[in-house]
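One structure below.
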Amino acid sequence: MFVFYIECYYTIDMENQKNKLFDNFPGTSSQAWHDLIMKDLKGADYDKKLLWQTNEGFAVQPFYRAENLDQINWLKSLPGSFPYVRGNSAAGNNWLVRQDIRVRDIAEANEKALDILMKGVDSLGFELDCKKVYTVDEIERLLKNIRADIAELNFLRTCHPNEIVEILIALVTKYNRSYDKIKGSVNFDPLARFARRGIWYSSMDDDMNVAARLIKTSSKLPEFRVIGVNGHLFTNAGAGIVQEVAFTLSMGAEYLTQLTSKGLFADDIAPKIKFSLAVGSSYFMEIAKFRALRLLWAQIVNAFGINDADHGKMNIHATNANWNLTFYDPYVNMLRTTTGSMSAILGSIDSFAVMPYNAVFEETTDFSERIARNQQLVLKEECYFDKIADPAAGSYYIENLTKSIVDEAWKLFLKLDEEGGFIASLRKGIIQHSIKESAAIRDSNIANKREILLGTNQYANVAEMVAADPGYLVFSEDDRTSDNAEIETIKTYRGAQAFERMRYKTDIFSKTAKRPQAWMFTFGNLTMRKARASFACNFFACAGFETIDNPGFETIEQGIASAKEEKPDIVVICSSDEEYNENAVKIFNALKNDCIVVLAGFPKELVDTLKSAGMQHFIHTKSNLLETLEGIQKKLGVA
């Protein structure tokens, strides 16, 4: 068959080769597609039914075509070329696999570093003790047998960045390494500290002087970055992608503004900045986010007057956002971090650290760290994600998402610029207020199941119960506000926390009392009773309640008698709207003194009658899941 194909292929004459296969098929215009869709909608509103109204402030179309690329002006740019929307490398998409190590004991940290370097890691992040001033001997022991010219070295949480850089230069000199091959960073980010704690390390001017000295000190190490822009702060506080992009760029631009005023040039500053960002679960939007960030940063740096276009490259380290990770059903976090990793990698980041699935609620283990490493190693070594530069290029959908993010983020960036920049916007509370608004929308979406967190507000594992106290920080926002804060600070949290607090109350209650039961009173129409019972079981499982389904009672009287015998805390009436007409009030009146009676569904013509009879609880697809369950918890004495 293969030989026949080759022979046939070469018998085609040159004239026929000029005709493309699809030239034989008539083209279809966008208007024709639109007309066909409108016909299928049968009068329904196109915008309401098919447009995705994102939280980012723009709408996403149900389909895109080649003509939608006409207004995109970067399509002819190449990977590795200004404005770097297509990545920093001219060929391939290689990124560094990073793992961070908490340095409690220097010898143990060194041993762990050497171990993971043998397991696929090529970028190390050392989380130091912020208050400690490290000696040359201590850093030398920390880096013992680690080739600094091969593995990237990043130093985090240090309040003494200049000392670390000076020590590193001394060690590079001592071991005769090539200065230009030393890659890594010292994550000095006084702006993030100000936003997070409301205070500076010393003062704004002193901190910027430290940053300026860092740039000068590290000039011997051209590939070593000393200024951090920690944009993950915004993501983990509940900001949307457009806000994350705009606020991160505003931070970067603030450093350029402050440090050029100290006598430095943009060509000195930009190559010394490392951006640290978080990636969430919106797969295609996240790919577009990284492309948009690089393009806009290149334009911003260019506006400050760089002489070398390469200095417009944005160096991005990314990790998974805490925001969408969960305490309950934690193994699902592996799926979330895998898709997030794919987004970031396809968006052409420079290094990535996968968040271990249990990192948000306990000390990570050898197992969870191994899984985290292997998630991106599989993407690199088995899926070959490192082979193709900008694999998303030319996609009608992703290119248009990139443009939408670019347009909206640039508008927001300019608004902050008009207010005086990042610091001024923080002092006025503009950034904090914007993030709070976005977080409130996202919280509402989770409460109403418009945004799904599996295992939390959908398909909860009813068999999972928490025995040990995970500590209050697991269920609380991370507030690092200093006592003498100058501004309202930005607090981070996880989207699942409100549900987790509610469910944990049930677990604690159940240690000394019977776990609340939701009992399905199923009768009548087979399809509707099964569908509504399934919905109700899923609904109440999210609060950690035990759910009991029933195959269906032949008569109402039989169901009432069974409910009285079983004595559940909650009875959920499950059937069709038609059968509710004659039976719902009867069931409610028979059981209202024994338990909480809930109706699955919202039959509009019957609701007023049921409410007049005293029924208060209706669960349906438009219910506020969190609010309803918390109210029932209080009635049961759980809360």
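The values are calculated or read from the model by the stated rules, or taken from the named source; none is laboratory data. Every value quoted in this text rests on a predicted model; they were computed, and no experiment measured them. Methodologically, a virtual Cβ is constructed for each residue, glycine included, from the backbone with ideal geometry; neighbour enumeration extends over all protein chains shown.
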For this session: Could you list all residues from the stretch 178-216 that are surrounded by fewer than 15 Cβ atoms within 10 Å (Cβ to Cβ) and under 19 Å from Asp129 (Cα atoms)?
Result: Ser202
Problem set entry | Selection from the stretch 457-478 of residues that are under 21 Å from the mean Cα position of the chain (by Cα) and among the aromatic types (Phe, Trp, Tyr) | Tyr459, Phe475
Exercise. Can we say Ser81 is more than 26 Å from Asn187 (Cβ to Cβ), at pLDDT 95 or above and among the polar types (S, T, N, Q)?
Worked result: yes
Problem set entry | Residue that is farthest from the chain's Cα centre (by Cα), among those in the stretch 342-384 that are polar (S, T, N, Q) and over 23 Å from Lys112 (Cα atoms) | Ser348
Exercise. Can you tell me which of Ala107, Ala44 is without any contact (Cβ under 8 Å) to a residue 40 or more places away in the chain and within 25 Å of Val354 (Cα to Cα)?
Worked result: Ala107
Exercise. Taking the stretch 387-444, which residues are farther than 30 Å from Ala496 by Cα and among the basic types (Lys, Arg)?
Worked result: Lys387, Lys403, Lys411, Lys415
For this session: Evaluate the following for Leu296: is it in the same structural domain as Asn236 (by TED's automatic domain parsing), touching a helix residue (DSSP H, G or I) at 6+ places or on another chain (Cβ under 8 Å) and assigned to a helix (DSSP H, G or I)?
Result: yes
For this session: Output the residues belonging to the stretch 370-392 that are crowded, with 21+ Cβ neighbours inside 10 Å and in a helix (DSSP H, G or I).
Result: Ala372, Gln375, Gln376, Leu379
For this session: Consider only pairs whose beta carbons are under 7 Å apart and that are at least six residues apart or on different chains; among these, list those whose first residue lies in the stretch 528-553 and is at positive phi and whose second residue is not in a helix (DSSP H, G or I).
Result: Gly552/Thr522; Gly552/Phe523
Exercise. Taking only pairs six or more apart or across chains, which ones have beta-carbon atoms under 7 Å, a first residue in the stretch 628-639 that is surrounded by fewer than 19 Cβ atoms within 10 Å (Cβ to Cβ), and a second residue that is part of a helix (DSSP H, G or I)?
Worked result: Ala639/Lys505; Ala639/Glu630; Ala639/Gln633
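Do we find that Arg98 is part of a strand (DSSP E or B), charged (D, E, K, R) and under 30 Å from Lys380 (Cα atoms) in this structure?
For Arg98, the condition - part of a strand (DSSP E or B), charged (D, E, K, R) and under 30 Å from Lys380 (Cα atoms) - is met.
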For this session: Determine which single condition Ile287 fails, assuming it passes every other condition in (1) among the β-branched types (Val, Ile, Thr); (2) buried (at least 24 other Cβ atoms within 10 Å of the Cβ); (3) in contact with a strand residue (DSSP E or B) (Cβ under 7 Å, 6 or more places away or on another chain).
Result: (3)
Exercise. Has the stretch 432-441 got any residue that is within 21 Å of Ser534 (Cβ to Cβ), exposed (fewer than 15 other Cβ atoms within 10 Å of the Cβ) and without any contact (Cβ under 8 Å) to a residue 60 or more places away in the chain?
Worked result: no
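Quickly run through the stretch 85-101 and pick out the residues that are out of contact with any Leu (no Cβ under 9 Å at 6 or more places or on another chain) and of a type outside the set (Phe, Trp, Tyr).
The answer is Gly87, Asn88, Ser89, Ala91, Gly92, Asn94, Leu96.
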Seminar exercise, completed: Requiring at least 3 residues that are out of contact with any strand residue (DSSP E or B) (no Cβ under 6 Å at 6 or more places or on another chain), of a type in the set (D, E, K, R) and within 25 Å of Asn230 (Cβ to Cβ), the helices (runs of 4 or more DSSP H) wholly within the stretch 102-216 are 190-197
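Kindly indicate the residue of the stretch 1-44 that is hydrophobic (A, V, I, L, M, F, W, C) and over 27 Å from Phe63 (Cβ atoms) and also modelled with the highest pLDDT among those meeting that condition. Step through it out loud before you land on a result.
Step one: of the stretch 1-44, the residues hydrophobic (A, V, I, L, M, F, W, C) are 1-4, 6, 8, 12, 14, 21-22, 25, 32-33, 36-38, 41, 44.
Still in the running and over 27 Å from Phe63 (Cβ atoms): 1-4, 6, 8, 12, 14.
Numbers: Met1: 35, Phe2: 33, Val3: 36, Phe4: 32, Ile6: 34, Cys8: 40, Ile12: 43, Met14: 46.
Out of the qualifying residues, it is Met14.
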Exercise. Counting just the residues of the stretch 83-125 that are acidic (Asp, Glu) and touching an Asp or Glu at 6+ places or on another chain (Cβ under 7 Å), which one comes out farthest from Ala151 (Cα to Cα)?
Worked result: Asp100
Exercise. So which residues in the stretch 153-182 are within 19 Å of Ala212 (Cα to Cα) and out of contact with any Gly (no Cβ under 9 Å at 6 or more places or on another chain)?
Worked result: Arg157, Thr158, Cys159, His160, Pro161, Asn162, Glu163, Ile164, Val165, Glu166, Ile167, Ile169
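So that you can scan it fast, the table gives a plain yes or no per residue for (1) hydrophobic (A, V, I, L, M, F, W, C); (2) within 26 Å of Tyr331 (Cβ to Cβ); (3) touching a residue at least 40 places away in the same chain (Cβ under 8 Å):
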position: Tyr384; (1), (2), (3): no, no, no
position: Ile388; (1), (2), (3): yes, no, yes
position: Gly394; (1), (2), (3): no, no, yes
position: Ile398; (1), (2), (3): yes, no, yes
position: Trp410; (1), (2), (3): yes, no, yes
position: Leu414; (1), (2), (3): yes, no, no
position: Glu418; (1), (2), (3): no, no, no
Exercise. With respect to Gly471, is the statement that it is surrounded by fewer than 17 Cβ atoms within 10 Å (Cβ to Cβ) and at positive phi true?
Worked result: yes
Problem set entry | Candidate set: the stretch 37-70, residues that are assigned to a loop (DSSP other than H, G, I, E, B) and among the small types (Gly, Ala, Ser); chosen: the one nearest to Gly280 (Cα to Cα) | Gly57
For this session: Only residues that are of a type in the set (A, V, I, L, M, F, W, C), farther than 15 Å from Ser81 by Cβ and surrounded by 19 or more Cβ atoms within 10 Å (Cβ to Cβ): list them for the stretch 302-321, please.
Result: Ile316, Ala318, Ala321
